[in-house]
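Take a look at the structure set out below.
Every number here is computed from the coordinates shown, using simple stated rules; none is lab data. Keep in mind the model is a prediction, meaning the values are calculated, not measured. Here the Cβ positions follow ideal geometry from the backbone for every residue, glycine too, while neighbour counts run over all protein chains shown.
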Amino acid sequence: MIYDQWALAFNLLTVGVLAFVVANIFVSSVFWSIKGKLADYTVSTRKSLLWLLVLTPWLITLSVTLFFSPLFQNASTFTWLTDLAHWHHPDIFYFLSWHSFSLLIFVGFSLYVFTKKMIVLYHNHHQVSLLRAFGTEKSKQVTIIESSIPTAFTGGLINPSCFISTGLIEQTSVDELEIIIQHELAHVHYSDPLKKWLFSFFSAYFTRNVKHLFISMMSLSMEQDADSFFVKNQQQSHNVASTLIKFTKLAANYSIHPQYKSELFVHFCRHSIEQRVLHLLNDKQFKPFPKGGVLIVILLLALISTTSVDSLHHVVETLFTH
Amino acid sequence: MQLGELEKQVLEYLWKAKPTDAKQVHSYFEKNRGGSLNTIQSTLDRLFKKNLLGRVKDGHAFQYFPKVKRHELIGQLIKDVTNDFIVEDENSVIAAFSSISSDLDEHQLNKLEAMIEGQRQKLQKNTEK
């Protein structure tokens with residue numbers, strides 16, 4: 001058992017963990033109920049909404065923790081709210097209690113996720129470095145790799161660059177190749193590899209189904225954004241769409257990941273390619289960013305999380321001993 | 001695994017040459033870029049430790065040879081680096097134009113292709129009007 005400042009710090013961290021859990025459940029439910037409607041928004045809006053969804057539990061955690069700190073608990077303006085949401089004995093922290101147990105689980109899980117993501121980062125950095133070493137620099141951001149596998153991708157987190165294989169160059173026309181290079185340069189422009197990595201880190205805190213859908217939607221949105229990065233007219237849209245189909249047909253002949261030829265994967269890909277082609281051909285009007293709706297949901301979530309912390313505290317201590 | 005410039009050059013040389021010892025590698029590089037025998041020896045050793053070279057003892061010296069072919073190594077690197085596109089929840093660190101391993105229904109792709117062609121013709125007709 002500890003007292004004073006350290007106890008306060010640990011108690012505030014526990015408050016943060018509880019708020020995070022509540023916010024996470026709330027965000028997951030909201031996302032699950034609106035997932036079908038996200039396609040009605042522009043790609044950039046969809047990306048912003050997805051970022052907002054994965055970051056909201058952290059923002060709520062920060063604000064709720066601040067609210068429970070003496071900074072706000074002593075302020076007279078918030079008396080009605082502090083009556084509703086407060087923390088008992090904030091200056092005493094028991095190590096052998098559910099407070100410390102929940103804190104330990106959260107810290108342990110965070111360390112696990114962080115280590116896992118860092119290992120991925122480390123491996124990817126070296127793989128990309130090796131590809132750069134064996135490739136030929138076409139321009140500052142484009143590297144040609146000698147391989148019969150028709151491929152094009154953007155890799156490297158801090159210094160991203162595009163990789164185009166000789167197999168792809170041989171099997172595509174000059175115009176098609178230019179479309180593919182422009183698409184990859186768009187990923188470099190948006191720093192997509194770094195954003196994808198960060199997004200997958202924040203998504204890791206959600207349940208498996210929600211996490212998969214988050215990542216699939218973000219990947220699709222990034223690809224759609226890159227597809228239309230340099231498209232100025234309908235003619236160009238058609239050219240990008242047919243290049244995408246041609247590339248997919250080419251790539252299908254060089255299946256190098258046979259272990260993933262599962263039904264689920266085929267559907268995911270089909271869905272993805274279909275979505276991208278339809279997005280390029282579509283000229284429908286998309287909805288603007290739903291500012292009002294987002295603000296209401298965030299305020300509601302902040303209120304629910306703040307008040308739930310105390311209720312959750314009472315529920316746990318009613319069901320179990322301290 | 002990271003490769004320095006000399007390591008890359010030595011590997012490229014060994015991909016073209018027969019199994020060879022440090023002295024022979026040194027005599028080739030001495031003419032082209034300079035450097036001591038010690039530097040070449042430690043470079044070969046590093047490549048061996050990185051599992052890119054194999055070696056067999058021949059008298060007092062080791063004969064070095066590449067463990068993987070150039071296209072195999074690059075193919076493996078492409079496979080590793082693009083793997084995240086499929087295992088989408090794990091290594092999401094690259095952005096690919098299209099998945100390499102797409103095993104899509106040919107019929108589905110043809111349908112999409114026909115749709116693009118249809119739109120193209122419609123656009124052409126509208127421009128001609």
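Things worth noting here:
- Near the amide H of A:THR143, within less than 5 Å, lie the amide hydrogens of A:LYS138, A:CYS162, A:PHE163, A:ILE164, all on another chain or at least 5 residues away, with H placed in the peptide plane.
- Label point distance in nm, A:ASP283-A:LEU38, each placed 7 Å from Cα along Cα→Cβ: 2.9 nm
- Taking 0.36 nm per residue of separation and subtracting the Cα-Cα distance, full extension of the segment from B:PHE65 to B:ASP45 would add 6.0 nm.
- Estimated from the Cβ-Cβ distance and a Förster radius of 35 angstrom, the FRET efficiency linking A:ILE92 and A:LEU303 is about 0.80.
- Residue order, fewest to most surrounding Cβ atoms within 10 angstrom, among B:VAL81, A:VAL30: A:VAL30, B:VAL81
- Here the simple spin-label model places points 7 Å from the Cα toward Cβ, and for B:LEU37 and A:ILE169 these points are separated by 4.0 nm.
- Summing Cβ point charges (Lys, Arg +1; Asp, Glu -1) relative to the Cα centre of segment B:20-67 gives a dipole of roughly 200 debye.
- Among the listed pairs A:LYS140/B:LYS79; A:LYS232/A:LYS287; A:LYS117/B:LYS57; A:LYS249/B:LYS16, those with a Cα-Cα distance over 29 Å are A:LYS117/B:LYS57; A:LYS249/B:LYS16.
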